[in-house]
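**Student:** One structure is given below, represented as structure tokens, and several questions about it will come after.
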Amino acid sequence: MKIRGERECQSCGARWSYYETGSITCPECGSVRSVGVDERTEHTDNPVDLDLASIVDDLDAEPIDRVAERAVEQCREYVRQRGFIRGGELRQLDTEFVMAVELQYIASEIARSMRVTEDEQQYFLSLVRGLTDGDRPDPEAVPDSLAAARGLAIAAIIDAYRRDLTRHLSEHPDSETRTTMGRFVDHRKRIEALDGSIPPENAEAILDGLIALSKYATGDQSALETARDRLDGLD
């Protein structure tokens, strides 16, 4: 949606950026009486942190399904507030968002499982800890039983980025970006039709290509070829 990002407090006159705080409440006096004073710009990315410290602390103290349920809720709330346009500027697809979506889907599968295997638990833990230290696990580590959940996560990531990219392209047309994004949408539909059951290495190639496309759309001209190469290797 389009909003006025620069706010002015009607009580004390302080000014601040809604893009940075995500709040209409004055950071100086706490008043909620504020007005936007600049032009409206597209904005979908709110400032939000994904703090999994309590999840990490309880990994050895609580049943895995309960911890997984909490991880699902925290990731879902984080993803709900995230976007890729901040103050009118398109942003790249970032690792934290990718891992949050993946953890949401993997944790949901773990929470529903009647019996969690050691490999499944280990992959779940690697995602939780990876979001804490920024180290994303390799696709080779994905257990076969979780491959479909990870595939559906990739489909969800494609859809999330597509929504904001479409908004951006409505004001900043680029036929190369639009055409290439269309190919990713085709893969998303295919993944969903298969209920996520695609090889992890294929899912990773699609994700790598989407990240490359996001780099191209934000100014890296050389990244378009990388995006197309990743897709060409799958067609």
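The values are calculated or read from the model by the stated rules, or taken from the named source; none is laboratory data. Everything numeric here is computed off the predicted structure, so don't read it as measured data. In this analysis, Cβ positions are derived from the backbone assuming ideal geometry, glycine residues included, and neighbour counts consider all displayed protein chains. All accessible areas refer to the heavy atoms of the entire protein, side chains included, with ligands and DNA or RNA removed. Shrake-Rupley method; radii C 1.70, N 1.55, O 1.52, S 1.80 Å.
**Student:** Run THR218 past the list (1) touching a strand residue (DSSP E or B) at 6+ places or on another chain (Cβ under 9 Å); (2) open to solvent by 40 Å² or more (accessible area, probe 1.4 Å); (3) within 16 Å of PHE97 (Cα to Cα); (4) not acidic (Asp, Glu) and report the number of the one that doesn't hold.
**Tutor:** The failed condition is (3).
**Student:** Has the range 100-108 got any residue that is open to solvent by 10 Å² or more (accessible area, probe 1.4 Å) and either part of a loop (DSSP other than H, G, I, E, B) or within 30 Å of VAL37 (Cβ to Cβ) (or both)?
**Tutor:** no
**Student:** Here's something else I'd like to know. Where the second residue is charged (D, E, K, R) and open to solvent by 10 Å² or more (accessible area, probe 1.4 Å) and the first is over 19 Å from THR117 (Cβ atoms) and outside the structural domain of GLN104 (by the TED database) and lies in the range 132-155, which pairs have Cβ atoms under 9 Å and are six or more apart or on separate chains?
**Tutor:** Short answer, once both residue conditions are applied: none.
**Student:** Any idea which of (1) more than 19 Å from GLY219 (Cα to Cα); (2) in contact (Cβ under 8 Å) with a residue 24 or more places away in the chain is the one ASP186 doesn't satisfy?
**Tutor:** It fails just one condition, (2).
**Student:** Quick check, is ILE198 part of a helix (DSSP H, G or I) and open to solvent by less than 50 Å² (accessible area, probe 1.4 Å)?
**Tutor:** Criteria not met by ILE198.
**Student:** Counting just the residues of the range 13-28 that are open to solvent by less than 70 Å² (accessible area, probe 1.4 Å) and assigned to a loop (DSSP other than H, G, I, E, B), which one comes out farthest from TYR161 (Cα to Cα)?
**Tutor:** My answer is GLY13.
**Student:** Also, I was wondering about something else. Inspect all residues belonging to the range 45-68 and state whether any of them is touching a residue at least 24 places away in the same chain (Cβ under 8 Å), under 26 Å from HIS172 (Cα atoms) and crowded, with 19+ Cβ neighbours inside 10 Å.
**Tutor:** Yes, that holds for at least one residue.
**Student:** For a quick check of your reading of the model, give me the residue pairs whose first member lies in the range 161-181 and is in contact (Cβ under 8 Å) with a residue 40 or more places away in the chain, whose second is polar (S, T, N, Q) and assigned to a helix (DSSP H, G or I), with beta-carbon atoms closer than 8 Å and at least 6 apart or on different chains.
**Tutor:** TYR161/SER214; LEU165/THR177; LEU165/SER214
**Student:** Which one is farthest from the chain's Cα centre (by Cα) among residues in the range 131-161 that are in a loop (DSSP other than H, G, I, E, B) and among the acidic types (Asp, Glu)?
**Tutor:** Of everything passing the filter in the range 131-161, ASP138 is farthest from the chain's Cα centre (by Cα).
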